[in-house]
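Encoded as structure tokens, the structure appears first; notes follow it.
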Amino acid sequence: MHRSHHNESTESGSHLLVFAGAGVSAESGLGTFRGPGGLWEEFRPEELATPEAFARDPGRVWRWYAERFSRMREALPNAAHLEIARWQGLFASVVVVTQNIDRLHQRAGSRDVLELHGDLWTARCNRCRREIDMPSAIDLVPGGGPPKCACGGLLRPGVVWFGESLPELVFARAVAEARRAEILVAVGTSATVYPAAGLIELAAANGAQVIEVNREPTPLSRLAHRVLREPAGEALPRLTAELLAYGAE
Ligand code: OAD
């Protein structure tokens with residue numbers, strides 16, 4: 001009898017860059033910012049996601065993030081996160097550049113994740129910058145907050161707010177990876193928030209094949225070589241064979 005070999009173990013030499021947004025976590029039950037039912041339909045970003053908002057009403061901003069955090073920690077990686085993690089064995093390099101703060105890529109097994117907008121699993125003092133993990137921070141003032149730091153400052157979520165700079169080294173590495181990527185898969189992002197979204201244009205300008213996975217058209221769609229208008233959890237597992245074929249060309 002002849003055993004057939006599943007030839008998906010055929011590796012591709014391509015450098016793959018995944019550029020992720022809130023839509024990749026939608027099927028894990030986490031809300032997106034824009035679009036129907038999006039968080040920014042209920043709140044304006046400047047009401048909550050700015051340093052000014054935190055200075056004006058720290059309790060309100062803290063509670064909003066603490067509530068989002070409690071949903072994030074209950075959430076599980078979905079088929080999209082898992083498929084992306086699986087790509088690591090199939091390509092020369094796989095770097096995940098994410099705008100998300102939920103750590104679901106890491107929990108799915110992705111090892112090289114660049115978090116452009118920080119991380120909600122960490123809180124840090126707005127004065128001395130000391131860091132503490134979010135579950136411990138929340139436990140300091142159950143249901144309230146923000147907790148006070150020993151230095152007298154206030155703990156704030158470890159995320160990047162509008163008007164703040166992206167973490168410098170993380171962004172520099174993302175730029176370098178965008179330049180050398182041969183394939184860029186943009187998943188579940190409206191591609192409207194800069195400088196993050198500029199990485200897609202940079203990769204395209206440097207010759208990357210751009211693939212968009214999104215339920216809706218975005219400003220990126222016109223630039224994409226291939227568009228999959230489906231939920232990420234359905235589209236990505238089917239995309240794998242296509243990516244391997246592309247890399248083998
Ligand atoms: P957005 O909420 O702007 O966009 C989410 C995108 O995901 C939309 O284009 C949806 O069409 C798409 N989408 C929804 N469900 C999907 C699914 N199941 N499969 C595939 N696509 C789906 O989120 P981001 O682009 O991540 O920044 O937003 C960028 C930044 O804006 C965020 O990092 C955040 C926000 O304000 C800060 O807070 C600094």
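The values are calculated or read from the model by the stated rules, or taken from the named source; none is laboratory data. Since the structure is predicted, the reported quantities are computational estimates derived from the model, not experimental observations. Don't worry about glycine lacking a Cβ; one is built from the backbone with ideal geometry, like all the others, and counts go over all protein chains shown.
With (1) crowded, with 16+ Cβ neighbours inside 10 Å; (2) away from the ligand (no atom under 13 Å from the Cβ); (3) of a type outside the set (D, E, K, R) as the list, and Leu140 as the residue in question, which single condition is left unmet?
Only one criterion in (1) crowded, with 16+ Cβ neighbours inside 10 Å; (2) away from the ligand (no atom under 13 Å from the Cβ); (3) of a type outside the set (D, E, K, R) is unmet by Leu140, namely (1).
Considering (1) β-branched (Val, Ile, Thr); (2) touching a Gly at 6+ places or on another chain (Cβ under 6 Å); (3) buried (at least 18 other Cβ atoms within 10 Å of the Cβ); (4) in the same structural domain as Ile132 (by TED's automatic domain parsing), say which one Val24 fails and leave the rest.
Tallying (1) β-branched (Val, Ile, Thr); (2) touching a Gly at 6+ places or on another chain (Cβ under 6 Å); (3) buried (at least 18 other Cβ atoms within 10 Å of the Cβ); (4) in the same structural domain as Ile132 (by TED's automatic domain parsing), Val24 fails exactly one: (4).
Taking region 39-64, which residues are in contact (Cβ under 8 Å) with a residue 12 or more places away in the chain and either in contact with a His (Cβ under 8 Å, 6 or more places away or on another chain) or near the ligand (Cβ under 10 Å from one of its atoms) (or both)?
Listed by number, the residues that qualify are Pro45, Leu48, Ala49, Thr50.
If you take the residues in region 196-238 that are of a type in the set (S, T, N, Q) and assigned to a loop (DSSP other than H, G, I, E, B), which one is farthest from the ligand (Cβ to nearest atom)? Don't jump to the end; show me each part of the working.
If we filter region 196-238 for residues that are of a type in the set (S, T, N, Q), which is where we start, we get 206, 209, 214, 218, 221.
Checking the rest, the ones that are also assigned to a loop (DSSP other than H, G, I, E, B) come to 206, 214, 218.
Details: Asn206: 22, Asn214: 4, Thr218: 5 Å.
Step by step, filter region 196-238, then rank; the result is Asn206.
Could you grab the pairs with beta carbons closer than 7 Å, sequence gap of 6+ or different chains, first residue in region 121-146 and in the same structural domain as Glu67 (by TED's automatic domain parsing) and on the phi > 0 side of the Ramachandran plot, second one modelled with pLDDT of 95 or more and surrounded by fewer than 19 Cβ atoms within 10 Å (Cβ to Cβ)?
Gly145/Gly59; Gly145/Arg63
Look through Arg73, Arg56, Arg68 and report the one residue that is more than 28 Å from Gln209 (Cα to Cα) and more than 18 Å from the chain's Cα centre (by Cα).
Numbers: Arg73 fails: more than 18 Å from the chain's Cα centre (by Cα); Arg68 fails: more than 18 Å from the chain's Cα centre (by Cα).
Sole residue among the options that is more than 28 Å from Gln209 (Cα to Cα) and more than 18 Å from the chain's Cα centre (by Cα): Arg56.
Using the structure shown, decide if Val193 is in contact with a Phe, Trp or Tyr (Cβ under 7 Å, 6 or more places away or on another chain), in contact (Cβ under 8 Å) with a residue 40 or more places away in the chain and either outside any helix (DSSP H, G or I) or not polar (S, T, N, Q) (or both).
Working: in contact with a Phe, Trp or Tyr (Cβ under 7 Å, 6 or more places away or on another chain): no; in contact (Cβ under 8 Å) with a residue 40 or more places away in the chain: yes; either outside any helix (DSSP H, G or I) or not polar (S, T, N, Q) (or both): yes.
When the stated conditions are applied, Val193 does not pass them.
Being under 17 Å from Ile183 (Cα atoms) and touching a helix residue (DSSP H, G or I) at 6+ places or on another chain (Cβ under 7 Å) is the filter here, so list the residues in region 88-109 that pass it.
Our first condition is that a residue be under 17 Å from Ile183 (Cα atoms); within region 88-109, this holds for 88-98.
Across region 88-109, the qualifying residues are Leu90, Phe91, Val94, Val95, Val96, Val97, Thr98.
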